[in-house]
Protein chains: 2
Amino acid sequence: MTESLDAIFSSKYLTAWMPMLYVAWADGELSDDEIAQIKSKAKLLPENDRAILETWLNPQDPPSTSQLLKLARELKARSKSLSNAERLGLAELGAALAGDDYSKAGLAELEVSLGLAGDSVADIIQDARHDRERSGESANFDVKAMKTVLDGPYAELKHEVLSFLQGESFTYDYTKSTPQAREQVLEWLKEIAGHGLGTYAYPGVTSESDMGAFVTIFETLASFDLSLVVKFGVQFGLFGGSIYHLGSPEQRQQYLPDVAAGRLLGCFAMSELGHGSNVRDLETTARYEPETDSFIVNTPRREARKEWIGNAALHGTLATVFAQLEIGDESYGVHALLVPIRDENGKPMPGIRIEDCGEKMGLHGVDNGIIYFDQVRVPRGNLLSRYAQVDDKGVYHTEIPSPGRRFFTMIGTLVGGRIAVGAAGNTAAKTALDIAIKYSDQRRQFGPENAPEVPILDYRTHKLRLLPRLAKTYAMTFAGHDLVQKYLEDQDKEDKREIEALAAAIKVAATWHATDTIQASREACGGQGYLRVNRFASLKEDSDIFTTFEGDNTVLSLLVAKSLLTNFQSQFAEERVVGVARFIGKMAQTAVSQLNPVVTRQADQTHLRSREFFMAALKYREDDLVFSAVNRLRGRMAKMNAFDAFDSMADHLVAAAHAYTDRVVSEAFARAVDRVEDLALKAELERLLTLYALNTIHEDSGWFQEQGYISGPKARAIREQVNLLCDEIRPQAVYLVDALSPG
Amino acid sequence: MTESLDAIFSSKYLTAWMPMLYVAWADGELSDDEIAQIKSKAKLLPENDRAILETWLNPQDPPSTSQLLKLARELKARSKSLSNAERLGLAELGAALAGDDYSKAGLAELEVSLGLAGDSVADIIQDARHDRERSGESANFDVKAMKTVLDGPYAELKHEVLSFLQGESFTYDYTKSTPQAREQVLEWLKEIAGHGLGTYAYPGVTSESDMGAFVTIFETLASFDLSLVVKFGVQFGLFGGSIYHLGSPEQRQQYLPDVAAGRLLGCFAMSELGHGSNVRDLETTARYEPETDSFIVNTPRREARKEWIGNAALHGTLATVFAQLEIGDESYGVHALLVPIRDENGKPMPGIRIEDCGEKMGLHGVDNGIIYFDQVRVPRGNLLSRYAQVDDKGVYHTEIPSPGRRFFTMIGTLVGGRIAVGAAGNTAAKTALDIAIKYSDQRRQFGPENAPEVPILDYRTHKLRLLPRLAKTYAMTFAGHDLVQKYLEDQDKEDKREIEALAAAIKVAATWHATDTIQASREACGGQGYLRVNRFASLKEDSDIFTTFEGDNTVLSLLVAKSLLTNFQSQFAEERVVGVARFIGKMAQTAVSQLNPVVTRQADQTHLRSREFFMAALKYREDDLVFSAVNRLRGRMAKMNAFDAFDSMADHLVAAAHAYTDRVVSEAFARAVDRVEDLALKAELERLLTLYALNTIHEDSGWFQEQGYISGPKARAIREQVNLLCDEIRPQAVYLVDALSPG
């Protein structure tokens, strides 16, 4: 529409029509029927005014946005003189603007017939009230009670650690040089050990507690300094843990009290320069020498040097070394044995060469080193001998004859480290969100005209950046609790593959979530996020390697996938044909209940926010990806060797692993919500669970549509729900992050 | 199938059937018809053997994967004794294994009728040959010629800068303390200025060249050290650039020769603690004082202090200060004026207080500072007076009477900085990929049984991690060239909004791409990526703020969106009804040609790899998102004020902005490919363009399916093409990154 607005503005009669015209058009398109209704009322107008009005009623040529804007501005200006403008309906306002009520009757009818009776132009005619300050909105729930839910079963210990960290010596100083940081972290470690916190690592030996306690200490320390956490993990988790898990009862008794007390500092010497992920092909050898009844530990070539070994560059005196065990002409695969690497003065032992790994991106307080062994002799008794022993005749004994199973059993005992690293990653995400959400709630920038600037957390883009990540951090917290629980339950199971896969899955999800959340939080704080004092620098630098160490995340994802495939197949091997038939039947049932056109298109809020929808969707994705992976793999194995077949569909397998993780995490979250009795907490948690699940589905909306699981309009409706949930959560965001805050 | 395989292994007759059975089943499902054919041939077997064979022919109970594997192992073991096993067909191999050829005729017939005549079990029976070393695969194209294409029109200058950086003093040392790093970077800056590289910043004043030369120097320096780049940018781009763009001809002549030579070091004092993105509401004031014919510059409160100012903490002596210009009771909005902040001894001038911003995440060589002004008097002539002047009677003059337009014109001149930062971000991505791809090509881990370990870049997951990012880095390089070209073309246009939007879009895309690519590259290098000596640490830390400074990426994305909406509307305002009708017509035509069921389902490789498909898809997405944004916005403005309406759909707007960017980038890439004449280069580049475009579509596959633009099977086919393209590009990856490598 190209006509000027002045004709309207200058006609007394048309002035009365302004509010109606504005809302009618700005609300969207006008139908022919609606236009006809308006025209019939317009007949009451003088000829000239009617002609002008009709230029506004051509559906082929609607008013432009700028015309509507101009109209809005004029409306606003004219309404200022009216004392009660914002409380008037459209017809009333029009009449008031026109200065009499001759036209009120006709417009009032129109108002009803166009369905605009409830509308007003209040938003337009008054300055927008941006009363968004948090002070105006109080918490919907008891923050303390929420904290208790999030703290989980080891809350008491967590608070003990937190108050211990309040001690004078635990002051974080990011300006320290690397040598200073290493000394500082060593001091902290000793203080922690002195406080008895190291003893929790060895239930049944130095402690009456369980592994959950150790993980709790670990993740709580992560709220303070990640170098300290890693040093703590190396000393008590990896080094001590290797003796605890791989040593005989005597070896445990011999070493662990000193390890727990921090009197014996040690290393976990597994990774080599040439072999990080592929531990099975390590090259360091430990050859039995009958003449001296001892082992000769040796680094055969440069690539076989031990690399990245924490505690090695400076402080460790004993190392658990992983090496290929050789007796005579036989090789028995990777075994662990204790090798003294330094004397009491800190000097390397004969045959041991140690180098510093050099400056790292972060974790400056951890002294990572490189170790070479030049034919180093250690007594036979230094072989950690829980699963395999060599007797004084040089004969090898083991309860696990299969070399493959033996290897995986030994390596499998390290699962505790993965659980702890995942938990620490999640702590780092909590710290980052705590800073970013509170900053964004206070920081204001831009705003509507003539109104105060708006807190940046009110912006749609900012909410989308932080609140789904907040929901996921809640989810990962509950998944972490369940993981520890499962670990404790499975402790006496011989087959640990399930807990290993679960721990790997959670480690992957939590550490990538940490990297992603810290980055998003830094960006959400703009320049302030770049200042070292605001902590993102160390959070980023220190946690960056979490996605690599304790198992590279991609390698671990494939390990999870492998375990899913094995489970799937062995389930059917056990149940035979009946099992497959039952599975196919279940899939068919799913197809009927979830894949019928009514459901794939159902997009109302009640449905989308129901667990019936979103939990089933996450489960369906996992089942489908695993089932199709099994089939594809079977087909490919005909054409190529197993290795290539597996790799050729690795993207599919990783997707299956992540689908499994998302399902497991959402179930842990749902169980946690179900356990809560307080209705206010329950409602907040259910909303976060819903946001977590819908956002997860939204992020993989391409896949769900590919499968015909959701229609296009449903995909859009899910995106809209993610937005709505963010809007709803926004006023509670500061309280929610307060409850989550690790400190 | 639960029967043991031993019955087959021990029957001489069935031995002959092993290869056939294996390939038939492992290839997928057997149809009833195929089973009937096999059964008919099986009649030739003795009764007992036939019964065993038939247990293999139940489609309801196919052999399990582990049975197939066992069969494969056995086949492999038995084939070892045959000298020519890998060259035999299935029937021949079977006969050879059975030790005679009695069954050969029947099996050979079966081989043909089952469509297996071409197949062999070579992959199974011989150890997989993993001859994947790069030495085996030479470059498909002339790497030097590719480098020339990528270098673009300023190749000569680029090489001059690179050889200058070979100079002795340009040694990168990551162990320096912050004070040392700052001194080092200052020395480098002076050396660069001494070499005359600063003069390129001011075409027409200190140089005969154009802005493309300046961007080239900037992005080339980024291959060396990002602190240096930022310091260089602050001094020549921001500080000098503000005089160049906002100063009068006299002011340019007065200052720029000294600035270019590094004799006059300065700051660009725009950001305040309280106002970063929202420059229009800065609070620093510059009040005209008639008595002294000068301006009084003042910081009214703590939040109004200048923050993040590069060169301020130590080295700058003069600052371009952005302040609200006040004369009498009138405020004229933000203007820039020159304020001396230090004397020749480095002491702050009276009324100036300077603080150090403190330690940052990275860019340690840049001395960012905070400046407070306490009623600082500067002569009237210090107002940068290209667009506005104040005469000696205190009367304000300007050629741009609209305060809004005046503000945006002044700010708009800063577009050069965004172009440069985007280019530097892309350089950082190149450095990261160069390291990661070359490392991954050499690093081996895991592998098939009894074969050497495999270079990790051969893994599907690793290819997917690095190669689409390689393709995008190519794309961003060409988009950068075109951006500079467009900037030069538009220099004399009065309306600079188009180039401003384009520069913002490319800055956003390039800097987020850098953050993302550096992270992926670090992770792709595992632990090695974490060592400071391997450069990822500084790349990450230094480039992290690129997504924030020179305009926060989210704010800029919204600015791009705003410009798209304005263009869309003003296009129609100009062309009136005809324009809209034409647009609707075009959309309808698109619907016919691209949205008909044949095309939305078309999934063959030729179609998917055709520009006709992927360029149209990217264009369609942009058009649709912009068009629907205009409509939605129009609707929402009825219900709320413009600010809230805009924010309520900010996710949609950001998506539209990114769709615009992807389309523009792909078009720049396509034009670059079209310009290349060498067929080998052209083919490689077209493949990278295809990967870039298909991966972009794949990443937003949810949206394309929502719109009905692609069907589910087509979405899957696109994912498959991304995989195939990665496989094809893999052997050339090292050469491609060599050509791209910034150094």
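Out of B:Gln491, B:Gln485, report the one residue that is more than 9 Å from chain A (Cβ to nearest Cβ), over 17 Å from the mean Cα position of the chain (by Cα) and either at pLDDT 95 or above or assigned to a loop (DSSP other than H, G, I, E, B) (or both). So that I can check it myself, show each step before the final result.
Working: B:Gln491 fails: either at pLDDT 95 or above or assigned to a loop (DSSP other than H, G, I, E, B) (or both).
Matching residue, one of B:Gln491, B:Gln485: B:Gln485.
Tallying residues that are over 26 Å from A:Ile341 (Cβ atoms) and surrounded by fewer than 24 Cβ atoms within 10 Å (Cβ to Cβ) within the range A:206-217 yields 7.
Would you check if there is a residue in the range A:713-736 being of a type in the set (S, T, N, Q) and not assigned by TED's automatic domain parsing to the domain that holds A:Asp604? No, every residue in the range A:713-736 fails to be of a type in the set (S, T, N, Q) and not assigned by TED's automatic domain parsing to the domain that holds A:Asp604.
Here B:Thr473 meets each of (1) polar (S, T, N, Q); (2) open to solvent by less than 50 Å² (accessible area, probe 1.4 Å); (3) farther than 30 Å from B:Ala505 by Cβ with one exception, condition (3).
Within the range B:701-711, the set of residues being at the interface with chain A (Cβ under 8 Å from one of its Cβ atoms) and surrounded by fewer than 23 Cβ atoms within 10 Å (Cβ to Cβ) comprises B:Glu706, B:Gln707, B:Gly708. In the condition set (1) within 12 Å of another protein chain (Cβ to nearest Cβ); (2) within 16 Å of A:Leu466 (Cα to Cα); (3) open to solvent by 10 Å² or more (accessible area, probe 1.4 Å), A:Asn695 is compliant with all but (1). Checking each residue in the range A:601-649 for being among the polar types (S, T, N, Q) and open to solvent by 40 Å² or more (accessible area, probe 1.4 Å) picks out A:Gln602, A:Gln605, A:Thr606, A:Asn631. Is it the case that A:Ala520 is in a helix (DSSP H, G or I) and either surrounded by fewer than 24 Cβ atoms within 10 Å (Cβ to Cβ) or touching a residue at least 12 places away in the same chain (Cβ under 8 Å) (or both)? In short, yes.
Beta carbons closer than 6 Å, at least 6 apart along the sequence or on distinct chains, pair a first residue in the range B:40-52 that is within 12 Å of B:Lys12 (Cβ to Cβ) with a second that is of a type outside the set (Lys, Arg) for B:Leu45/B:Tyr13; B:Asp49/B:Ser11; B:Asp49/B:Tyr13; B:Asp49/B:Leu14.
Just to verify a result, which residue in the range B:356-388, among those that are in a strand (DSSP E or B) and either touching a Phe, Trp or Tyr at 6+ places or on another chain (Cβ under 6 Å) or closer than 19 Å to B:Glu183 by Cβ (or both), is farthest from the other protein chains (Cβ to nearest Cβ)?
Of the range B:356-388, the ones in a strand (DSSP E or B) are B:356, B:360, B:369-373, B:376-379, B:383, B:388.
Still in the list and also either touching a Phe, Trp or Tyr at 6+ places or on another chain (Cβ under 6 Å) or closer than 19 Å to B:Glu183 by Cβ (or both): B:356, B:360, B:369, B:378.
Details: B:Asp356: 11, B:Lys360: 5, B:Gly369: 13, B:Val378: 27 Å.
Once the filter is applied, the top-ranked residue is B:Val378.
Of all residues in the range A:397-416, those satisfying the criterion of being open to solvent by less than 20 Å² (accessible area, probe 1.4 Å) and small (Gly, Ala, Ser) are A:Gly404, A:Gly412, A:Gly416.
Scanning the range A:71-103 for residues that are touching an Asp or Glu at 6+ places or on another chain (Cβ under 7 Å) and either modelled with pLDDT under 70 or in a helix (DSSP H, G or I) (or both) turns up A:Leu90, A:Ala91, A:Ala95. Filtered by the rule that a residue be among the β-branched types (Val, Ile, Thr) and either within 17 Å of B:Leu157 (Cβ to Cβ) or free of Cβ contacts under 8 Å to residues at least 12 places away in the same chain (or both), the range B:181-196 gives a lone residue, B:Ile192.
Working only within the range A:333-355, note down all residues that are part of a loop (DSSP other than H, G, I, E, B) and of a type in the set (Lys, Arg). Give the steps one after another, and end with the answer.
As a first pass, look at the range A:333-355 and keep what is part of a loop (DSSP other than H, G, I, E, B): A:341, A:343-347, A:349-351.
Listed by number, the list holds a single entry, A:Lys347.
Conditions tested, residue by residue: (1) surrounded by fewer than 24 Cβ atoms within 10 Å (Cβ to Cβ); (2) assigned by TED's automatic domain parsing to the domain that holds A:Ser163.
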| position | (1), (2) |
| --- | --- |
| A:Gly194 | yes, yes |
| A:Glu219 | no, yes |
| A:Leu226 | no, yes |
| A:Phe239 | no, yes |
| A:Gln251 | yes, yes |
| A:Glu291 | yes, no |
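Per this entry, A:Val555 is not counted among residues that are surrounded by 24 or more Cβ atoms within 10 Å (Cβ to Cβ) and either among the hydrophobic types (A, V, I, L, M, F, W, C) or not in a helix (DSSP H, G or I) (or both).
Checking the conditions here, which among A:Lys619, A:Lys714, A:Lys682 is of a type in the set (Lys, Arg), away from chain B (no Cβ under 14 Å) and touching a residue at least 24 places away in the same chain (Cβ under 8 Å)? Please lay out each step first, then the result.
Working: A:Lys714 fails: away from chain B (no Cβ under 14 Å); A:Lys682 fails: touching a residue at least 24 places away in the same chain (Cβ under 8 Å).
After ruling out the rest, the residue left standing is A:Lys619.
Scan the range A:32-67 for residues that are among the hydroxyl-bearing types (Ser, Thr, Tyr) and within 14 Å of chain B (Cβ to nearest Cβ) and jot them down. Across the range A:32-67, the qualifying residues are A:Thr55, A:Ser64, A:Thr65, A:Ser66.
Here the condition is being open to solvent by 30 Å² or more (accessible area, probe 1.4 Å) and touching a strand residue (DSSP E or B) at 6+ places or on another chain (Cβ under 7 Å); of A:Tyr172, A:Tyr154, A:Tyr200, it holds for A:Tyr200 alone.
The values are calculated or read from the model by the stated rules, or taken from the named source; none is laboratory data. Keep in mind the model is a prediction, meaning the values are calculated, not measured. Note: ideal-geometry Cβ built from the backbone for every residue, glycine included; neighbour counts use all protein chains shown. Only protein heavy atoms, including side chains, enter the accessible area calculation; ligands, DNA and RNA are left aside. Shrake-Rupley method; radii C 1.70, N 1.55, O 1.52, S 1.80 Å.
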